[in-house]
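Visitor: To start, I am sharing the structure in question, which I have written as structure tokens.
The values are calculated or read from the model by the stated rules, or taken from the named source; none is laboratory data. Just so you know, these numbers come straight off a predicted model, no measurement behind them. Cβ atoms come from the backbone with ideal geometry, glycine included; neighbour counts cover every protein chain shown. Heads up: the accessible areas ignore ligands, DNA and RNA and are worked out on the full protein's heavy atoms, side chains in. Shrake-Rupley method; radii C 1.70, N 1.55, O 1.52, S 1.80 Å.
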Amino acid sequence: MKICCVFNYNPLYRYPIYSAMAEQLDCDFFFGDTVFKPLKSFDAENLKGFKGYIKAKKIGIKGYIWHSNISKIFKREYTHYILTGESALIVNWLILVYAWLKKKKVFLWTHGLNHEIKIRRQRISAQLFYKSATGILLYNNYSKKFMEYIGCKPEKLHVIHNSLNTSEQTTLYEKLTPSNIYKKYFGNENPVVIYIGRIQKRMRVEMLIEAIKRLKQQNILVNAVIIGSYIDGVDIAQMVKDYKMEDQVWMYGPSFDENVNSELLYNADVCVAPGTVGLTAIHSLSYGTPCITHSNHSATGPEFEAIIEGYTGSFFEENNIESLMDSIKQWINKSDKERNEIRLRAREEVENNWSIDYQLGILSKVL
């Protein structure tokens with residue numbers, strides 16, 4: 001078995017899983033050179049099995065992307081292909097046709113569908129694309145029903161989830177103990193909620209600030225820590241200033257030091273992602289901190305599935321400040337015993353379902 005991985009990009013967070021795949025599954029890797037938006041990448045030259053970049057270019061057909069320099073993908077004798085499962089990438093269609101002619105196996109690693117496709121033309125295109133693959137690697141179970149709706153056989157659908165640097169985070173977690181980092185900064189022992197991620201419109205960070213303000217009006221004092229860099233959207237720092245909440249909100253700024261992030265997450269009571277949750281949920285749970293996000297599952301990242309209501313986090317009604325406040329109140333002021341139990345539950349969810357070992361197990365099974 002010789003595997004060719006053709007992915008649209010090499011995002012930084014994916015290096016650990018790709019490195020593990022290179023070591024255990026004998027993979028070659030080709031990466032597109034851009035996703036046309038800000039996203040940190042890793043140096044692919046450091047990845048075992050890296051064979052080159054394919055240059056991405058938007059073409060006249062709306063939404064479709066052509067990659068040049070792809071001939072080398074077809075020159076080697078591969079038995080299996082793993083592709084970024086996006087139908088807008090023309091190279092994927094070419095590989096599917098080539099694999100059909102040469103009797104190769106193709107697996108699409110994809111978000112799949114998170115809603116019903118009502119436009120017939122789009123539905124037919126999705127059916128042709130997904131049903132042409134040997135198997136489909138999905139980020140969560142939620143999308144399976146929509147994939148089955150367009151005719152994908154259940155036995156071809158494999159939930160691979162997502163992961164961060166499981167090994168590094170486990171090592172850091174095992175060294176962590178409760179610290180006074182927040183008491184030292186805020187000068188009090190009020191519960192702490194945390195947000196970590198990019199600060200942009202779709203993340204709705206302003207909802208968290210509004211919730212903290214309204215909780216104060218109910219004589220419930222909660223501190224908030226905001227970790228991340230501004231991309232677009234409202235000026236959170238100015239909002240905090242206008243509300244005169246500087247003593248309750250720590251605008252930490254961006255942090256790429258996992259030693260720092262681990263301590264900040266571990267010592268918070270709960271992580272809040274008011275908009276799209278994504279890997280923030282896995283990041284938070286990896287350090288034993290429950291996560292809150294909204295309940296509109298079709299409008300958020302697949303990682304919402306790691307949040308189990310009342311167990312590893314909770315869901316509030318989308319765009320409802322009062323509902324968000326209720327969810328925050330559910331997770332603050334826990335006893336030390338309760339907090340430790342929450343940590344164990346959060347870690348168990350990551351280790352069992354959102355780790356590199358879990359993903360390698362799925363890949364080994366289906367390949």
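Visitor: Once you order the gyration tensor axes a ≥ b ≥ c over the Cα atoms, which shape class does region 37-178 get: rounded for a/c under 1.5, otherwise prolate or oblate by comparing a/b with b/c?
Guide: Values: a/c = 1.71, a/b = 1.23, b/c = 1.39.
The shape class here is oblate.
Visitor: If you don't mind, another one. Could you tell me the center-to-center distance, by alpha carbons, between region 284-345 and region 37-55 in angstrom?
Guide: 34 Å
Visitor: Roughly how many Å² is the accessible area per residue of the chain, as a whole number, for a 1.4 Å probe?
Guide: On the way: 17110 Å² over 367 residues.
With the other protein chains kept in place, the chain gives 47 Å² per residue.
Visitor: For region 249-367, what D do you get in µm² per second when you plug the Kirkwood radius from alpha-carbon pairs into Stokes-Einstein at 20 °C and 1.002 mPa s? Each step should come with its number before you reach the end.
Guide: Values: Rh = 15.0 Å.
Answer, rounded: 143 µm²/s.
Visitor: Highest mean first, what order results for 141-151, 331-341 on Cβ atoms within 10 Å?
Guide: Numbers: 141-151: 16.6, 331-341: 13.3.
The peptides rank, most packed first, as 141-151, 331-341.
Visitor: Same structure again: Which of rounded, prolate or oblate describes region 232-297 when judged by the alpha-carbon gyration tensor and an a/c cut-off of 1.5? The partial results should precede the final answer.
Guide: Details: a/c = 1.87, a/b = 1.29, b/c = 1.45.
Here region 232-297 falls in the oblate category.
Visitor: Specify whether the C-alpha gyration tensor of region 20-110 places it in the rounded, prolate or oblate class, a ≥ b ≥ c being the square roots of the eigenvalues: rounded for a/c under 1.5, otherwise prolate if a/b is larger than b/c and oblate if not. Please list the in-between numbers first.
Guide: Numbers: a/c = 1.78, a/b = 1.09, b/c = 1.63.
Oblate, because a/c is 1.5 or more while a/b does not exceed b/c.
Visitor: For region 1-70, how big is Rg over Rh, using alpha carbon atoms and the Kirkwood form of Rh? Don't jump to the answer; show the numbers that get you there.
Guide: Values: Rg = 12.8 Å, Rh = 12.8 Å.
Here the Rg-to-Rh quotient is 1.00.
Visitor: Could the peptides 317-326, 6-15 be put in order, highest first, of the mean number of other beta-carbon atoms found within 10 Å of their residues?
Guide: Working: 317-326: 16.4, 6-15: 18.8.
With the highest mean Cβ count within 10 Å placed first, the list reads 6-15, 317-326.
Visitor: A further question follows. Based on the mean of other Cβ atoms within 10 Å per residue, sort peptides 159-168, 179-188, 344-353 so the most packed one is first.
Guide: Working: 159-168: 19.7, 179-188: 13.4, 344-353: 17.8.
So the order, starting with the most tightly packed, is 159-168, 344-353, 179-188.
Visitor: Another question, then. Tell me the Kirkwood hydrodynamic radius of region 155-260 in angstroms, computed as one over the mean inverse distance between distinct C-alpha pairs. Can you show the working numbers first?
Guide: Numbers: mean 1/r = 0.0628 Å⁻¹.
Result for region 155-260, one decimal place: 15.9 Å.
Visitor: May I pose another question? In the chain, carbon and sulfur make up what percent of the accessible area (probe 1.4 Å)? Don't skip to the answer; put the middle values down first.
Guide: Details: 8470 of 17110 Å².
C and S atoms contribute 50 percent here.
Visitor: What is the sum of charges, Lys and Arg at +1 and Asp and Glu at -1, for the other residues whose Cβ falls under 12 Å from the Cβ of Q169?
Guide: -2
Visitor: Moving on. Tell me the angle of helix 336-353 to the major Cα principal axis of the chain, expressed in degrees between 0 and 90 and rounded to the nearest ten.
Guide: Orientation of helix 336-353: about 10 degrees from the principal axis.
Visitor: Specify which labelled value, from (i) 19.9; (ii) 20.8; (iii) 18.8, agrees with mean projected area of the Cα convex hull in nm² derived from the coordinates of the model shown.
Guide: From the options (i) 19.9; (ii) 20.8; (iii) 18.8, the structure gives (iii).
Visitor: Continuing with this model, one more query. In vacuo Debye scattering of region 64-131, one point per C-alpha: log10 I(q)/I(0) at q = 0.12, 0.13, 0.18, 0.22 Å⁻¹?
Guide: Once normalised to I(0) and log-transformed, intensities are -0.34, -0.40, -0.73, -1.02.
Visitor: Continuing with this model, one more query. From the cross-link list K37/K118; K145/K201; K118/K144, which pairs have alpha carbons spaced over 23 Å apart?
Guide: On the way: K37/K118 28 Å; K145/K201 29 Å; K118/K144 17 Å.
In this structure, K37/K118; K145/K201 exceed 23 Å between Cα atoms.
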